[in-house]
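One structure below.
The values are calculated or read from the model by the stated rules, or taken from the named source; none is laboratory data. Every value quoted in this text rests on a predicted model; they were computed, and no experiment measured them. Here Cβ is always computed from backbone atoms with ideal geometry, including for glycine, and neighbour counts include all displayed protein chains. To get the accessible areas, we keep the full protein, side chains included, count just its heavy atoms, and leave off ligands, DNA and RNA. Shrake-Rupley method; radii C 1.70, N 1.55, O 1.52, S 1.80 Å.
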Amino acid sequence: MSANTRRSILGWLAAIASAATLAGLVSCGDGVASSPATLVLRGGKVLTMDADRSVATAVAVYGNRIVAVGNDAAVASYIGPDTKVVELAGRTLLPGFIDAHIHPVLGAERLGQCSMDGETLTIEEILPRIQACVDAETNPAPDKWIQVVNVNPANFVATADDLDTISTTRPILMSGIDGHTAWVNHKALQLAGITKATPDPDGGQIERDANGEPTGFLKDAAQGLVAAVVPPLSLAEKMALTQQALDLARARGITTVQDAWASEAEMEVYAALADAGKLKMRVRATLASEIVDDEAEYERLIDLRARFANHPLIRANAVKLFSDGVIEYPTQTAAMITPYLDGKGNETANYGERYFEQDILNAYVARLDAEGFTVHTHSIGDFTTRAVLDAHQAAREQNGETDNRHQISHLQVVDPADFARFAELGVIANMQLFWALPDVYTIDAVQPYLQPARHRLMYPAGSLVRAGALLAGGSDWPVDVFPWDPMPNTPLAAAFMGITRTNPIPDDPLYGQVLNAGEAVTLDDMLAAYTINAAYATRMEAKHGSIEVGKIADFAVIDLDLETIAPEDLLYASVQMTVLDGEVVYDAPAVLAAPATSLRSVSALAANGRSRATRRNHDFCAQIAQAAHATHTPRAPTTHR
């Protein structure tokens, strides 16, 4: 059965269920509810996101299940003396959002560190900020690490000598917000054992000067050499920070997260939160792994999956692969089919990095597919995307057609010859369209260095959807942070970008400009990407992702009518309530009760006067792979720009 046929059957079954729901399943046979509902939400605009995109006004819930969907009158019989009734007053009710690419545990660790907030700064501007963080510490240990996060790496240069002006006795690790770049001082180089003789680790680069000495700039897996010697946080510290991150997600209407690189340590945090009754989030983990054809690795993943097979909130039936880097100058580790340019229109010999051998990738993907895992692969460059699609094709030829919902994430540049292959192979396009606007990352640090035909395909969501690809949405948090908003890449803000692809920042030089208008998608595409499509991607569409009788009661209440507002108003739309398993897990403060009263996402930039300086890079996947990559077989050192 082809992927398209399978989706058609699923859609047909969902359409029957939806029609029955709105026609009569609001009652039990005789038209009378069998028992009062525990929760009723009425008087709103219920976007069910079912196959017919039915619209209702009210929903009734018993326990954690939806028992009625229809108009207010039809649901009235479910209201009893103990029923909690939420008056929607015209607000929008949606299925709970599913962030299909996020890093809650690892990203949470940044919440307590010295942040540069992703602003476009020079090293001369950053140094006083680091010093201010150091000055604010209370009696730090003489050897305590100074950790700086959220540095904007676009066109950014720094060295160990620069960081030595802060301290030569305390190690300093300064991490780019993209997750692919880091800068350290000489003390950190010393503790990590990085010298002139240290080979580049597999999947990473140690930048060196003309004499071969490390400069302090580390790319991709080379960061792991330092990360391996940084003292880890305790389980209790990780739990507290992760709870903060999940609170942020719930406040944005998110009820399910797909952790895009979960090691056993991250799984331990989720399990501990669940045991303490504090998780209150569905977690689909994509297990951290390396591209190796190794029986011990397969068994490790199978055992870890089995550990959570019957958990009510946590599943571990997917695997994450990290296959290339990022496309922005000066890092340029994304793997490209055509070479990068030198910024003046001339071709270079740089095609980016190749972090795998095709035959090993093929064998690895085929085995994971045979074992029933979803394979979730990071890919920025068009070379890697083609190679990963080739691996899925080889797996299909070996295993036959499976239903594992494989995904390729980011997809910043995709060759047109590969658009149709997503639908043909049943591979889901997992995209972060909050980034699909003209800004420092897509223009300044990319356009001069790409072939024009490649740049015209930046974030080709429209082309992929038109070719039949299923679009899922994710944030890649903590890649995007603002000084006033630690989680601005919301499903609603991403919807604005996906629909308009327009820079909305009034004082930005690129204000009002559009990034590849032909690649825009619709509001329905974006809402589906964060609801029913993401549920399908996580193999949970039978239980949630749409508002239908029998499904789990996961909801997000939005203050505006999303179908009638102008696209730019999506930036002002506010989540006012989040429901998980029929329980209200987020209820907005009274100050947010009226529409458009709070600063929302990118629209806040103009009001705060920070404009372009606070746009974010991506992605976070490489940084979280550092420690694992540090154990790779090293290759001979090379000199890089």
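Tabulated data for the structure shown
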read-out: Long-range neighbours under 9 Å by Cβ, at least six apart or interchain, first residue surrounded by fewer than 17 Cβ atoms within 10 Å (Cβ to Cβ) within the stretch 247-276, second not aliphatic (A, V, I, L, M); value: 247/586; 264/300; 265/232; 265/238; 268/238; 272/238; 272/278
read-out: Members of the stretch 309-341 found to be touching a strand residue (DSSP E or B) at 6+ places or on another chain (Cβ under 7 Å), of a type in the set (A, V, I, L, M) and part of a loop (DSSP other than H, G, I, E, B), listed by number; value: 313
read-out: Scope the stretch 501-528; condition of a type outside the set (A, V, I, L, M, F, W, C), touching a helix residue (DSSP H, G or I) at 6+ places or on another chain (Cβ under 9 Å) and not in a loop (DSSP other than H, G, I, E, B); matching residues; value: 502, 518, 519, 525
read-out: Residue count, the stretch 475-500 (criterion: touching a Lys or Arg at 6+ places or on another chain (Cβ under 8 Å), in a helix (DSSP H, G or I) and not aliphatic (A, V, I, L, M)); value: 1
read-out: Elements of type helices (runs of 4 or more DSSP H) contained in the stretch 389-474, each with 3 or more residues being open to solvent by 10 Å² or more (accessible area, probe 1.4 Å) and closer than 26 Å to residue 351 by Cβ; value: 419-425, 452-455
read-out: Residue 292 vs. criteria in contact with a helix residue (DSSP H, G or I) (Cβ under 7 Å, 6 or more places away or on another chain), surrounded by fewer than 18 Cβ atoms within 10 Å (Cβ to Cβ) and not charged (D, E, K, R); value: yes
read-out: Candidates 139, 150, 155, 211 - the one that is closer than 22 Å to residue 332 by Cβ and open to solvent by 20 Å² or more (accessible area, probe 1.4 Å); value: 155
read-out: Some residue of the stretch 129-141 being touching a residue at least 24 places away in the same chain (Cβ under 8 Å) and charged (D, E, K, R); value: no
read-out: Among residues of the stretch 158-200, those that are more than 30 Å from the chain's Cα centre (by Cα) and at pLDDT below 95, counted; value: 0
read-out: Of residues in the stretch 503-540 being among the β-branched types (Val, Ile, Thr) and within 15 Å of residue 466 (Cα to Cα), the one surrounded by the fewest Cβ atoms within 10 Å (Cβ to Cβ); value: 522
read-out: Exclusive hit being touching a Cys at 6+ places or on another chain (Cβ under 9 Å) and buried (at least 17 other Cβ atoms within 10 Å of the Cβ), set 216, 179, 204, 224; value: 179
read-out: Any hit, the stretch 145-158, residues being part of a helix (DSSP H, G or I) and in contact with a strand residue (DSSP E or B) (Cβ under 6 Å, 6 or more places away or on another chain); value: no
read-out: Qualifying strands (runs of 3 or more DSSP E) (wholly inside the stretch 47-129; at least 2 residues being open to solvent by less than 40 Å² (accessible area, probe 1.4 Å) and in contact with a Phe, Trp or Tyr (Cβ under 6 Å, 6 or more places away or on another chain)); value: 97-102
read-out: Some residue of the stretch 253-275 being of a type in the set (A, V, I, L, M) and assigned to a loop (DSSP other than H, G, I, E, B); value: no
read-out: Some residue of the stretch 295-318 being touching a helix residue (DSSP H, G or I) at 6+ places or on another chain (Cβ under 8 Å) and surrounded by 24 or more Cβ atoms within 10 Å (Cβ to Cβ); value: yes
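Rundown of residues vs (1) charged (D, E, K, R); (2) touching a strand residue (DSSP E or B) at 6+ places or on another chain (Cβ under 6 Å); (3) at negative phi, yes/no style:
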residue	(1), (2), (3)
183	no, yes, yes
198	no, no, yes
216	no, yes, no
235	no, no, yes
251	no, yes, yes
262	no, yes, yes
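Okay, residues lined up against (1) of a type in the set (Asp, Glu); (2) closer than 30 Å to residue 575 by Cα:
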| site | (1), (2) |
| --- | --- |
| 201 | no, no |
| 207 | yes, no |
| 210 | no, no |
| 227 | no, no |
| 241 | no, yes |
| 254 | no, yes |
| 270 | no, yes |
| 280 | no, yes |
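Condition check ((1) more than 22 Å from the chain's Cα centre (by Cα); (2) of a type in the set (Lys, Arg); (3) modelled with pLDDT under 95) across all residues:
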position: 379; (1), (2), (3): no, no, no
position: 389; (1), (2), (3): no, no, no
position: 402; (1), (2), (3): yes, no, no
position: 405; (1), (2), (3): no, yes, no
position: 438; (1), (2), (3): no, no, no
